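Below is one structure, written out as structure tokens, with a few remarks after it.
The values are calculated or read from the model by the stated rules, or taken from the named source; none is laboratory data. Here the structure is a predicted model, which is why all the values come from computation and not from measurement. Every residue, glycine as well, gets a Cβ built from its backbone with ideal geometry; the counts of neighbours run over all protein chains shown.
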Amino acid sequence: MEELIKQWIDEFVSVHNSTLGNIPCPYAKNALIKYVETDNIAQSLADTKNNWTDDVEVVCLYTPTDNYSPWMLTKLVQIFNMEAMHENLVALEDHPLNEEIINGVKMNFGLCSLVLVQRLSKLNNASNVLKEKGYYKNWSKENLDDVVNWRFDELFVCKD
């Protein structure tokens, strides 16, 4: 599955999409990613937080779709973020059955559930750079709130 995730990053996430008018994630291709296959997202999130090292930029946890409902995966990530964001870490989830559509483009990986953990401050700084360049101009308010804006809540914002 790791090779399929890498292929998705190379062939979709890191390539200009004419419908979006942008590259889905201009930072993904060059990020140092550690891939972790797991059947226990909660334990893997705890292990990732407790053993975080800045030797990598993103930890990509992946698990079969059937292991978690979209609701359960979202709840596990929300619970993790309530604590981890105070420690300058954030997790973003991608469940195949919880489609993320931006400007008509399905953004999900689709072959398994993913949880991406990274530094909150680094992600927010990158989002600010993209915002200044007009990256989000075609995004709906709902998409912005769901993907970006919640991370800037004053209760969680951490500085480098």
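Taking the stretch 11-45 as the range and being within 28 Å of LEU76 (Cβ to Cβ), without any contact (Cβ under 8 Å) to a residue 24 or more places away in the chain and surrounded by fewer than 15 Cβ atoms within 10 Å (Cβ to Cβ) as the test, the residues that pass are LYS29, ASN40, GLN43.
Applying the criterion of at least 1 residues that are over 12 Å from the mean Cα position of the chain (by Cα) to the strands (runs of 3 or more DSSP E) found wholly in the stretch 12-122 leaves 33-37, 58-63.
Return yes when LEU97 is surrounded by fewer than 21 Cβ atoms within 10 Å (Cβ to Cβ), in contact with a Pro (Cβ under 8 Å, 6 or more places away or on another chain), hydrophobic (A, V, I, L, M, F, W, C) and touching a residue at least 24 places away in the same chain (Cβ under 8 Å) and no when it is not. Let's see the steps before the verdict.
Working: surrounded by fewer than 21 Cβ atoms within 10 Å (Cβ to Cβ): yes; in contact with a Pro (Cβ under 8 Å, 6 or more places away or on another chain): yes; hydrophobic (A, V, I, L, M, F, W, C): yes; touching a residue at least 24 places away in the same chain (Cβ under 8 Å): yes.
Against the criterion (surrounded by fewer than 21 Cβ atoms within 10 Å (Cβ to Cβ), in contact with a Pro (Cβ under 8 Å, 6 or more places away or on another chain), hydrophobic (A, V, I, L, M, F, W, C) and touching a residue at least 24 places away in the same chain (Cβ under 8 Å)), LEU97 qualifies.
Looking at LYS106, LYS133, LYS141 in this structure, which one is among the basic types (Lys, Arg), surrounded by fewer than 17 Cβ atoms within 10 Å (Cβ to Cβ) and closer than 24 Å to GLU37 by Cα? Walk me through how you get there before you give the answer.
On the way: LYS133 fails: closer than 24 Å to GLU37 by Cα; LYS141 fails: closer than 24 Å to GLU37 by Cα.
After applying the criteria, what remains is LYS106.
Going through (1) touching a strand residue (DSSP E or B) at 6+ places or on another chain (Cβ under 7 Å); (2) of a type in the set (Gly, Ala, Ser); (3) loosely packed, with under 15 Cβ neighbours inside 10 Å one by one, SER69 falls short only on (1). When ASP160 is tested against (1) modelled with pLDDT under 85; (2) surrounded by 15 or more Cβ atoms within 10 Å (Cβ to Cβ); (3) under 20 Å from THR48 (Cα atoms), only condition (2) is not met.
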